[in-house]
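The values are calculated or read from the model by the stated rules, or taken from the named source; none is laboratory data. The structure presented is a predicted model; accordingly, all values stated were derived computationally and were not measured. All Cβ positions, glycine included, derive from the backbone under ideal geometry; neighbour counts span all protein chains shown.
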Amino acid sequence: MVKLRFFAVLKHLVGKDELALDVEKGTSLEKLLNKLVKDFPPLKEGLQEGKILVSVNQEVVERSYLINDGDEIAFLPPFAGG
């Protein structure tokens, strides 16, 4: 099982700030993101255009990353600083 965490406006798009999902061994981050787009269409644009930062265990990883049981995957919206 993996924990998905959504921050700021993303938690409003998903309707909650955390989800727990069972994933098959060898599932890539890309495959998980495709599932999320199907389950939560409002995430589609941000995920496909790279506007949403995705980290696994507090590190930004490639979409080819293979998810492991117990991973925490965080979704952060675009932000600006000044």
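Structure above, values below:
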| item | result |
| --- | --- |
| Qualifying positions in segment 20-32 - assigned to a strand (DSSP E or B) and at pLDDT 95 or above | A20, S28 |
| Members of segment 59-77 that are over 12 Å from the mean Cα position of the chain (by Cα), surrounded by fewer than 12 Cβ atoms within 10 Å (Cβ to Cβ) and within 17 Å of R5 (Cα to Cα) | E59, D69, G70 |
| Inter-residue pairs, beta-carbon under 9 Å, first closer than 12 Å to F75 by Cα and free of Cβ contacts under 8 Å to residues at least 60 places away in the same chain and in segment 1-26, second basic (K, R) and not in a helix (DSSP H, G or I), 6+ apart | K11/R5; D17/R5; E18/K3; E18/R5; L19/K3; L19/R5 |
| Selection count where residues are surrounded by 12 or more Cβ atoms within 10 Å (Cβ to Cβ) and either in a loop (DSSP other than H, G, I, E, B) or free of Cβ contacts under 8 Å to residues at least 24 places away in the same chain (or both), scope segment 37-46 | 3 |
| Filtered residues of segment 47-58 (kept if out of contact with any Pro (no Cβ under 9 Å at 6 or more places or on another chain) and surrounded by fewer than 16 Cβ atoms within 10 Å (Cβ to Cβ)) | Q48, E49, G50, S55, N57, Q58 |
| G26, sole failed condition from (1) within 12 Å of the chain's Cα centre (by Cα); (2) at positive phi | (1) |
| Selection from segment 48-67 of residues that are under 15 Å from S28 (Cα atoms), in a loop (DSSP other than H, G, I, E, B) and either touching a strand residue (DSSP E or B) at 6+ places or on another chain (Cβ under 6 Å) or at pLDDT 95 or above (or both) | N57, S64, Y65, I67 |
| Flag for L32 being hydrophobic (A, V, I, L, M, F, W, C), in contact with a strand residue (DSSP E or B) (Cβ under 9 Å, 6 or more places away or on another chain) and in contact (Cβ under 8 Å) with a residue 24 or more places away in the chain | yes |
| Qualifying positions in segment 37-78 - of a type in the set (G, A, S) and farther than 16 Å from A8 by Cβ | G50, S64, G70 |
